[in-house]
Amino acid sequence: KGILVSNVPTYGENTVAEHTFALILSIARNLKKAHFKVSAGDFSIKELMGFDLKGRPLGVVGTGHIGLRVIKMAIGFSMKVLAFDPAPNSFLSEILGFKYVDFETLLKESDIISLHAPDNKKTHHMINENNIGIIKKGAILINTARGGLVETIALTKALDSGILSGAG
């Protein structure tokens with residue numbers, strides 16, 4: 001029908017990775033809470049204690065172009081990086097200094113989990129009511145990939161029960 005179709009596999013890889021870290025830093029430093037407090041005229045630092053990223057385990061699900069960019073940024077923050085991908089690249093793992101683990105281990109050991117996978121039959125609701133309970137208590141979940149990767153009801157329950165301390 002004369003319709004031009006293009007695939008740009010590296011489109012936005014840096015932009016999405018930077019947005020991932022913007023969300024991580026926003027949650028780690030309580031920026032939203034600080035904004036609301038200041039807007040209400042409360043200039044106290046009570047309940048605004050954040051945490052450093054250095055040494056924290058970051059779990060990256062999907063090590064394609066965007067996931068690898070996130071890993072490189074995490075290494076710049078001196079984070080410990082765990083990764084899950086159905087097609088691991090051991091060469092890049094060795095060169096960049098991150099470790100591939102199975103999905104369950106990533107959920108159990110990561111303080112921050114960042115999703116960088118397509119939404120398909122294998123990945124749809126990869127975070128769900130059956131596995132969200134094994135996530136390290138107080139972890140943060142970042143999804144800059146596709147909404148369908150996370151079951152919304154499970155996410156809400158995990159935030160309400162304290163399994164997750166934040167989500168972006």
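The values are calculated or read from the model by the stated rules, or taken from the named source; none is laboratory data. Please read all numbers here as calculations on a predicted model, not as lab measurements. A quick note on method: Cβ atoms are made from the backbone with ideal geometry, for glycine too, and the neighbour counts reach across all protein chains shown. Note: areas computed on protein heavy atoms with side chains; ligands, DNA, RNA excluded. Shrake-Rupley method; radii C 1.70, N 1.55, O 1.52, S 1.80 Å.
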Worksheet item: Given (1) more than 11 Å from VAL60 (Cα to Cα); (2) of a type in the set (Gly, Ala, Ser); (3) touching a residue at least 60 places away in the same chain (Cβ under 8 Å), where does SER114 come up short, assuming only one miss?
Response: (1)
Fill in: Filter result for the condition that a residue is closer than 24 Å to ARG29 by Cα, of a type in the set (Ser, Thr, Tyr) and buried (at least 22 other Cβ atoms within 10 Å of the Cβ), over SER110, SER78
SER110
Practice prompt. Scan (1) in contact with a Pro (Cβ under 7 Å, 6 or more places away or on another chain); (2) in a helix (DSSP H, G or I) for the single condition LEU82 breaks and write down its number.
Written response: (2)
Item to complete: Go over the candidates ILE135, ILE127, ILE112, ILE71 one by one and state the one that is more than 25 Å from THR156 (Cα to Cα) and within 14 Å of the chain's Cα centre (by Cα).
Response: ILE71
Worksheet entry | Residue check for LYS72: among the basic types (Lys, Arg) and in a helix (DSSP H, G or I) | yes
Fill in: Residues satisfying the stated conditions in segment 87-111, i.e. within 18 Å of ARG69 (Cα to Cα), in a loop (DSSP other than H, G, I, E, B) and out of contact with any strand residue (DSSP E or B) (no Cβ under 6 Å at 6 or more places or on another chain)
ALA87, ASN89, GLY97
Discussion item. Regarding segment 152-164, can at least one residue be identified that is β-branched (Val, Ile, Thr), surrounded by 19 or more Cβ atoms within 10 Å (Cβ to Cβ), modelled with pLDDT of 95 or more and assigned to a loop (DSSP other than H, G, I, E, B)?
Written reply: yes
Worksheet entry | Close pairs (9 angstrom Cβ cut-off, 6 or more residues apart or separate chains): within 14 Å of GLY166 (Cβ to Cβ) in segment 42-55, among the basic types (Lys, Arg) and open to solvent by 50 Å² or more (accessible area, probe 1.4 Å) anywhere | GLU47/LYS33; LEU48/ARG29; LEU48/LYS33; GLY50/ARG29; PHE51/ARG29
Worksheet item: Has segment 31-48 got any residue that is within 19 Å of PRO118 (Cα to Cα), touching a helix residue (DSSP H, G or I) at 6+ places or on another chain (Cβ under 9 Å), of a type outside the set (A, V, I, L, M) and part of a loop (DSSP other than H, G, I, E, B)?
Response: no
Fill in: Considering residues of segment 6-57 that are open to solvent by 80 Å² or more (accessible area, probe 1.4 Å) and acidic (Asp, Glu) only, the residue nearest to ASP111 (Cα to Cα)
ASP52
Practice prompt. Of the numbered conditions (1) farther than 26 Å from PHE103 by Cβ; (2) part of a loop (DSSP other than H, G, I, E, B); (3) open to solvent by less than 40 Å² (accessible area, probe 1.4 Å), THR63 fails exactly one; give the number of that condition.
Written response: (1)
Fill in: Positions within segment 1-26 being hydroxyl-bearing (Ser, Thr, Tyr) and either free of Cβ contacts under 8 Å to residues at least 12 places away in the same chain or in a helix (DSSP H, G or I) (or both), in sequence order
SER6, TYR11, THR15, THR20, SER26
